[in-house]
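A.B. asks: Can you read through this structure? Questions will come right after.
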Amino acid sequence: MPPSYKLAPLRKLVKGENGSELATLPVLGGTGFGGIRRLDSTVNIQFDRPAEGLAALAGVAAVPVPRSKTQIIREVGGRRVETVYFRGTSGKRVLGRWYDKGLESGQAPRGLLVRPEDQRRYPKAQRLDVEAVAESTHVRDSFVRRFEPLWRASKGVKVAGAIELAERIRELVEEGAMSPSEAKSAAGYLLLETAEANCQSRATRYRDRRRCADHGLVLADGVLDEVEVDLGEVIERALDSECWGAQG
């Protein structure tokens, strides 16, 4: 037999003039379930090497997402990305995040376990019933809607170390997709951005950034090992996960 639950009446705290707590009194008409106010859904992505997970986080941090602001949290005293927050256009409301779950929980070494998390906060008039969430694909559909723009923006993006990117730029020149001067500018931009050395004019930086984005070139910031990660494939693994409904 499934367990039964009884909802207690809502109560309010009454304080005295000096701030001391006097009593808690029932709120008339306050009995009952008020609906789901907060809903966080996550998927764990396991990587074979720490460099791959770190490169994926660096890629998520580098890809611009429409109608979102990105906040990047790096390790203290270093460049490796630990958390990427996605916020609303005002920058106040957190919509979701990608973070190093292994590092945060102590379950795994840095870079091996990355967790994307969709965060939903519902105002009173829009709160959901438990049945609407538990007996449908609502949670998964919400997760996909949150990170599908990131997945679309990441198509064709290769996050790699310096040597791999240099080889990719050489291939682009050989294919005729880049001129030698454009290749030199792109390589210089990637290197300078890693060190946050803004030595170019704003117009030049924007032009080189756009060129790198058009060709899917992202340097694995803070990653010392040579690595190459297809960011679109990583995000697709999260969207297509078969683990929805699992607990823990």
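The values are calculated or read from the model by the stated rules, or taken from the named source; none is laboratory data. Because the structure is predicted, anything quoted here is derived from the model rather than measured. With ideal geometry, Cβ positions are generated from the backbone for all residues, glycine too; neighbour counts draw on all protein chains shown. Note: areas computed on protein heavy atoms with side chains; ligands, DNA, RNA excluded. Shrake-Rupley method; radii C 1.70, N 1.55, O 1.52, S 1.80 Å.
A.B. asks: Out of the residues in the range 124-146 that are in a helix (DSSP H, G or I) and basic (Lys, Arg), which is least open to solvent (accessible area, probe 1.4 Å)?
C.D. replies: Looking at residues that are in a helix (DSSP H, G or I) and basic (Lys, Arg), I get Arg146.
A.B. asks: Oh, and also: Could you count how many residues in the range 147-188 are assigned to a helix (DSSP H, G or I), within 17 Å of the chain's Cα centre (by Cα) and not hydrophobic (A, V, I, L, M, F, W, C)? Steps first, please.
C.D. replies: Residues of the range 147-188 assigned to a helix (DSSP H, G or I): 147-154, 162-174, 180-188.
Filter once more, keeping what is within 17 Å of the chain's Cα centre (by Cα): 147-154.
Imposing the further condition that a residue be not hydrophobic (A, V, I, L, M, F, W, C) reduces the set to 148-149, 152, 154.
Final tally of qualifying residues: 4.
A.B. asks: Just to verify a result, which residue in the range 218-248, among those that are among the aliphatic types (A, V, I, L, M) and either out of contact with any helix residue (DSSP H, G or I) (no Cβ under 6 Å at 6 or more places or on another chain) or farther than 18 Å from Gly53 by Cα (or both), is modelled with the lowest pLDDT? So that I can check it myself, show each step before the final result.
C.D. replies: Step one: list which residues in the range 218-248 are among the aliphatic types (A, V, I, L, M), which gives 218-220, 223-224, 227, 229, 231, 234-235, 238-239, 246.
Adding the requirement that they be either out of contact with any helix residue (DSSP H, G or I) (no Cβ under 6 Å at 6 or more places or on another chain) or farther than 18 Å from Gly53 by Cα (or both) leaves 224, 238, 246.
On the way: Leu224: 78, Ala238: 92, Ala246: 55.
Checked the range 218-248; the qualifying residue modelled with the lowest pLDDT is Ala246.
A.B. asks: Out of Arg205, Arg209, which single residue is in a helix (DSSP H, G or I), under 22 Å from the mean Cα position of the chain (by Cα) and surrounded by 12 or more Cβ atoms within 10 Å (Cβ to Cβ)? If you could, list the steps in order and put the result at the bottom.
C.D. replies: Details: Arg205 fails: under 22 Å from the mean Cα position of the chain (by Cα).
Selected residue: Arg209, the only one of Arg205, Arg209 that is in a helix (DSSP H, G or I), under 22 Å from the mean Cα position of the chain (by Cα) and surrounded by 12 or more Cβ atoms within 10 Å (Cβ to Cβ).
A.B. asks: Enumerate the pairs (first residue in the range 167-178 and without any contact (Cβ under 8 Å) to a residue 24 or more places away in the chain; second residue anywhere and surrounded by fewer than 11 Cβ atoms within 10 Å (Cβ to Cβ) and of a type in the set (Gly, Ala, Ser)) with beta-carbon separation below 9 Å, excluding pairs fewer than 6 apart on the same chain, so at least 6 apart or on different chains.
C.D. replies: none
A.B. asks: Okay, moving on. Among the residues of the range 18-56, write down those that are at pLDDT 55 or above, part of a strand (DSSP E or B) and open to solvent by 90 Å² or more (accessible area, probe 1.4 Å).
C.D. replies: Arg38, Gln46
A.B. asks: Which pairs turn up if I take residues in the range 219-244 that are surrounded by 17 or more Cβ atoms within 10 Å (Cβ to Cβ) and look for partners that are modelled with pLDDT of 90 or more and among the polar types (S, T, N, Q) with beta carbon separation below 7 Å, at least 6 apart in sequence or on another chain?
C.D. replies: What qualifies is Leu231/Ser154; Gly232/Ser154; Ile235/Ser154.
A.B. asks: Any residue that is open to solvent by less than 40 Å² (accessible area, probe 1.4 Å), touching a His at 6+ places or on another chain (Cβ under 9 Å) and modelled with pLDDT under 95 - is there at least one of those in the range 181-198?
C.D. replies: Yes, there is a match, as at least one residue in the range 181-198 is open to solvent by less than 40 Å² (accessible area, probe 1.4 Å), touching a His at 6+ places or on another chain (Cβ under 9 Å) and modelled with pLDDT under 95.
A.B. asks: So which residues in the range 68-83 are open to solvent by 40 Å² or more (accessible area, probe 1.4 Å), charged (D, E, K, R) and more than 14 Å from the chain's Cα centre (by Cα), if there are any at all?
C.D. replies: First pass over the range 68-83, keeping only residues open to solvent by 40 Å² or more (accessible area, probe 1.4 Å): 69-74, 76-77, 79-80, 82.
From what's left, charged (D, E, K, R): 69, 74, 79-80, 82.
Of everything in the range 68-83, those that are open to solvent by 40 Å² or more (accessible area, probe 1.4 Å), charged (D, E, K, R) and more than 14 Å from the chain's Cα centre (by Cα) turn out to be Arg79, Arg80.
A.B. asks: For the range 189-235, name all the residues that are among the acidic types (Asp, Glu) and out of contact with any strand residue (DSSP E or B) (no Cβ under 9 Å at 6 or more places or on another chain).
C.D. replies: We begin by selecting, within the range 189-235, every residue among the acidic types (Asp, Glu); these are 193, 196, 208, 214, 221, 225-226, 228, 230, 233.
The answer is Glu196, Asp208, Asp214, Asp225, Glu233.
A.B. asks: Can I ask one more? Does the range 106-123 contain any residue that is under 12 Å from the mean Cα position of the chain (by Cα), surrounded by fewer than 20 Cβ atoms within 10 Å (Cβ to Cβ) and among the β-branched types (Val, Ile, Thr)?
C.D. replies: So far as the range 106-123 goes, no, none of its residues is under 12 Å from the mean Cα position of the chain (by Cα), surrounded by fewer than 20 Cβ atoms within 10 Å (Cβ to Cβ) and among the β-branched types (Val, Ile, Thr).
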